[in-house]
Amino acid sequence: MLRHWGNCCCVTCSETIKVIRASHFKPWRESTDAERLDPNNGLPLVASLDALFDVGLISFDSSARLIVSSKLDQSEQEIFGIRGKICLMKR
């Protein structure tokens with residue numbers, strides 16, 4: 001998955017591998033081995049964004065646009081570096 005996204009977080013473009021997590025659309029525990037290895041079953045996200053994704057505060061639509069929950073106010077969006085971000089980045 002990381003290689004598929006240019007070895008960086010797909011939102012921030014951070015290349016700090018030690019903080020990038022594989023964020024799966026279909027939860028790991030519910031996936032088959034093939035789904036776990038499928039680079040299209042998830043996104044590489046820095047740990048903070050992975051946590052937001054896991055609890056439903058951010059998501060992505062079918063056009064790869066970032067969706068931010070209304071429960072995450074603008075100051076929090078700025079803290080996480082997602083205010084104004086609209087698309088996934090792919091190198």
- Just the number, please: Stokes-Einstein D of the range 1-68 in µm²/s, Kirkwood Rh from C-alpha pairs, 25 °C, 0.890 mPa s. 202 µm²/s
- Per the 1/(1 + (r/R0)^6) rule, R0 = 35 Å and r from the Cβ atoms of Ser48 and Arg3, FRET efficiency to 0.05 is 0.95
- Message: Could you work out the relative contact order of the range 1-43? I mean the mean sequence separation of Cα pairs under 8 Å and 6+ apart, divided by the number of residues, in percent.
- Response: 49 percent
- Accessible-area composition of the chain, carbon plus sulfur, in percent [1.4 Å probe]: 51 percent
- Accessible area of the chain divided out per residue, in Å², using a probe of 1.4 angstrom: 63 Å²
- Message: Straight-line reach only, C-alpha to C-alpha below 20 angstrom: list the lysines that Lys85 could link to, leaving out same-chain residues fewer than 8 apart.
- Response: Lys71
- Message: I want to check the label-to-label distance for Thr16 and Asp38. Put each point 7 Å from Cα in the C-beta direction and report it in nm to one decimal.
- Response: 3.2 nm
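The values are calculated or read from the model by the stated rules, or taken from the named source; none is laboratory data. Predicted model only: the values in this text are computed from it and were never measured. No Cβ is skipped: glycine too gets one built from the backbone with ideal geometry, and neighbour counts run over all protein chains shown. To get the accessible areas, we keep the full protein, side chains included, count just its heavy atoms, and leave off ligands, DNA and RNA. Shrake-Rupley method; radii C 1.70, N 1.55, O 1.52, S 1.80 Å.
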